[in-house]
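Structure record follows, encoded as structure tokens.
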Amino acid sequence: MRVEKPQFFNRRPWWHGTGPYFLLILTILALSLAINTTLKNEYKALLQEQREDVARLQLEVENLQHQKEILEETLLRRIQEVNDLIYKFDSMRPDVTVTDEELELLERLVTAEAQGESYEGQLAVANVVIDRTLSPAFPDTIKAVILQPGQFCPVAKGIINTITPSDTARQAVADALKGHRIIEENALYFYNPRIVSRGHWIRTRQTVTDIGNHRFAL
């Protein structure tokens, strides 16, 4: 009787036949690694892009802040210039108190004396009346200056009581009371050299300028 020896290697190894599974697992791992690497690269690129956007926005904010400071400085300078102009304008305004009656009286006188003259000519007449009000040589109110005997022909002839002020005269008077001038300060006289005789005393006054038919003098 023959006794067979036990077969110790007749069984297959546990890994025998698992090759395809290992290959599948390796493939999955490789794909996962590739996908992970790709995603990381994409995230890095996105992060870099976001950082660049943040840096760009910060730069824009800094530029805007700089522009804001420049605009604020310009605005403050403009405000100061306006305030300076207001102060200068107020300092030019004649220190004359005018009632509604005196305002209309001055508008009537300017219309009568400078009828047919330009705005500048009418403004100059208003300047003379206001200068007289401020001069110690004449009365200290508009009404008293205008109605002073022997000074203005339209008053002497009564024309001032019937004439209607023109729009140009109203504007000239309003501007004169605000300090607008067309002639030198302290010009207290005006006359028509074509009408006034050569020997008249007013011709001895120092001439300032001629506007239209009128000669203005100190």
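Brief remarks on what is shown
- Candidate cross-link partners of K68 among the aspartates and glutamates, defined by an alpha-carbon separation under 16 Å and a same-chain spacing of 8 or more, comprise E60.
- Ascending count of other beta-carbon atoms within 10 Å, so fewest first, for E62, E102: E62, E102
- Stretchable slack from N192 to T99, in nm (0.36 nm times residue separation minus alpha-carbon distance): 30.5 nm
- The overall shape of segment 100-217 is rounded: from the C-alpha gyration tensor, with semi-axes ordered a ≥ b ≥ c, the ratio a/c is less than 1.5.
- Once the C-beta distance of K44 and L23 is scaled by a Förster radius of 35 Å, the resulting FRET efficiency is 0.65 to the nearest 0.05.
- J(HN,Hα) series, segment 37-44, from Karplus relation 6.51 cos²θ - 1.76 cosθ + 1.60, nearest Hz, glycine and proline x: 5, 4, 5, 4, 4, 5, 5, 4
- Relative contact order, whole percent, for segment 100-217 stands at 32, derived from Cα pairs under 8 Å and 6 or more residues apart.
- Ordered by the number of other Cβ atoms lying within 10 Å of each residue's own Cβ, fewest first, L46, L218 fall into the sequence L46, L218.
- Subtracting the Cα-Cα distance of L218 and E72 from their residue separation scaled by 0.36 nm leaves 47.8 nm.
- As a proxy for reagent exposure, K40, K143 were ordered by neighbouring Cβ count within 10 angstrom, fewest first; the result is K40, K143.
Each reported figure results from applying straightforward, stated rules to the coordinates on display, with no laboratory input. Bear in mind the structure is a predicted one, so any value in this text is a computation, not a measurement. Because the Cβ atoms are built from the backbone with ideal geometry, glycine has one as well, and the counts that use them run over all protein chains shown.
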